[in-house]
């Protein structure tokens, strides 16, 4: 049976399909609707071209998400998500006039598989639970970023007319407006005028509505004094207008805080049911939420990454070397999985503070001139490699009678040796 390759240029309401043979000749083309009937047309089209269990026709498409990709994945055929920028470069190999059409893009995708399938990765065969964890973990990460953005926007507005409130809730070196106490009090004191009229009883009631159960009276007494301190003021009407804006921003912040809490519970429950839970959480710095984010991005398909180097490159922890003639530069990787890199930064930060081995590595890199982010990236690079090794099946080998020392405990940190 002659090999056939499929390319799909997807859109919101319809998709263009092109099939090419091993010589690059067009076998069939069709525009299908984004519906059950359209997918039935696609499967019939593939069957007519020789699709079968022995040689399922591979499909190239410019996305890794959506119902069409889910249906193709469920059919058991290899699906190759191709970066749109890569498709544009492939298209320029055969045309310099910059012409473009949906059919041409579908043909380009099919020819990418025909000539360079070995250079691209198919969608990993992750389990259904792993894919569900990925949805929840990414939603939680997005909600966390939105919460941070809403808090920063609210803080920026308060600085313009209500700095006394920020000073009253400062903790350490910054004000965390996402705390339940700060949000509860801001709801009844959106302006300096309203804050100055608050009684201790109202502050205590607001703190308890926010969930505080201990030391509410003591905190209310301090806040009562702090919110009455003199400060620069805007004009009364301007101040009232800014107070109304703050209440709307506070509503957004409250929504995002609730989303973070609820999604966090859902992520933790799903992650705890995964077989890799104990392996991932055995690493210092990986708890339920951060560990779920790491699993969401690397998946549980053991064949996805050929070795630790490919996983490090995917995570963005491995440096990029550019050498040309006498020029040599080593820089950090900018093209990476940003979600995994963000989780890795938190992982390395916590590990360097609580793991002796990670701490030694961090300070070793700092002594050699690395800045904070670069040193943490180096720690993450080592940790992600250890996670790759720990997740591989272990082949038992007979212990030599000449070996020295006891065997390493499976719970020992890989950086503490």
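A few remarks follow.
- Flag for residue 300 being surrounded by fewer than 15 Cβ atoms within 10 Å (Cβ to Cβ) and under 20 Å from residue 391 (Cβ atoms): no
- Selection of segment 341-375 for residues being surrounded by fewer than 17 Cβ atoms within 10 Å (Cβ to Cβ) and farther than 26 Å from residue 297 by Cα yields 356, 360, 363, 364, 366, 367, 368, 369, 370, 371.
- Residue match in segment 33-55 (condition: at pLDDT 90 or above, closer than 22 Å to residue 90 by Cβ and exposed (fewer than 12 other Cβ atoms within 10 Å of the Cβ)): no
- Scanning segment 314-359 for residues that are farther than 23 Å from residue 142 by Cα and in a helix (DSSP H, G or I) yields a total of 8.
- Among residues of segment 361-377, those that are farther than 25 Å from residue 138 by Cβ, without any contact (Cβ under 8 Å) to a residue 40 or more places away in the chain and part of a helix (DSSP H, G or I), counted: 8
- Any hit, segment 184-198, residues being in contact (Cβ under 8 Å) with a residue 24 or more places away in the chain, buried (at least 16 other Cβ atoms within 10 Å of the Cβ), farther than 22 Å from residue 238 by Cα and in the same structural domain as residue 240 (by TED's automatic domain parsing): yes
The values are calculated or read from the model by the stated rules, or taken from the named source; none is laboratory data. All of these numbers come straight from a predicted model, not from anything done at the bench. Note that we place each Cβ from the backbone using ideal geometry, even for glycine, and neighbour counts take in every protein chain shown.
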